[in-house]
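Step one of this worksheet: look at the structure below.
The values are calculated or read from the model by the stated rules, or taken from the named source; none is laboratory data. All values reported here derive from a predicted model rather than from experimental measurement. Reconstructed Cβ throughout: ideal geometry from the backbone, glycine too, with neighbour counts over all protein chains shown.
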């Protein structure tokens with residue numbers, strides 16, 4: 001399942017938790033939609049990165065498609081290294097903290113849809129992004145990379161994630177049914 005869909009499903013499941021769904025910060029439709037937006041916001045940086053890389057390739061008449069073949073081209077490798085900064089910025093707890101601070105200044109309160117959506121996304125990605133997609137969660141303050149436990153694109157992960165979603169859904173059902 002694509003990474004963005006996974007993040008949306010997890011956000012949906014978290015919003016169904018009794019303590020979260022009853023919290024005043026998640027009573028309005030716009031705050032629920034904002035939570036979904038912030039749950040995929042870090043991956044919108046990937047889209048921006050891809051658009052910039054495709055534009056670079058077109059501008060330089062590089063006739064290769066994005067993927068492993070494109071990365072064999074040294075010019076594309078250099079461009080990808082430069083554009084990859086966007087990935088690190090969008091997948092950083094530092095960026096989330098800055099956004100939370102801006103929201104706090106504007107709203108005079110902690111904006112929980114941002115904290116839940118983006119916080120959940122980053123925390124899941126820390127454990128599920130390896131090798132080329134490994135995160136630098138404190139970027140730009142630190143270049144330290146965290147290599148996740150399992151890559152999100154593997155079948156092992158998909159099976160484990162679906163199992164976890166089902167277990168959590170069953171738990172939610174039982175928890176809300178008791179009420």
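Descriptive notes on the structure:
- Where residue 77 falls short, out of the listed (1) surrounded by 13 or more Cβ atoms within 10 Å (Cβ to Cβ); (2) at pLDDT below 95; (3) assigned to a helix (DSSP H, G or I); (4) in contact with a helix residue (DSSP H, G or I) (Cβ under 7 Å, 6 or more places away or on another chain): (1)
- Looking only at segment 135-161, residues that are in a loop (DSSP other than H, G, I, E, B) and at pLDDT 85 or above come to 13 in all.
- Residue check for residue 16: over 13 Å from residue 121 (Cβ atoms), more than 14 Å from the chain's Cα centre (by Cα), in contact (Cβ under 8 Å) with a residue 24 or more places away in the chain and surrounded by fewer than 19 Cβ atoms within 10 Å (Cβ to Cβ): yes
- Test: residue in segment 20-36 that is surrounded by 15 or more Cβ atoms within 10 Å (Cβ to Cβ), in contact (Cβ under 8 Å) with a residue 24 or more places away in the chain and more than 30 Å from residue 178 (Cβ to Cβ): no
- Answer from 62, 66, 51 - the residue that is in a helix (DSSP H, G or I), modelled with pLDDT under 95, surrounded by fewer than 18 Cβ atoms within 10 Å (Cβ to Cβ) and out of contact with any strand residue (DSSP E or B) (no Cβ under 9 Å at 6 or more places or on another chain): 51
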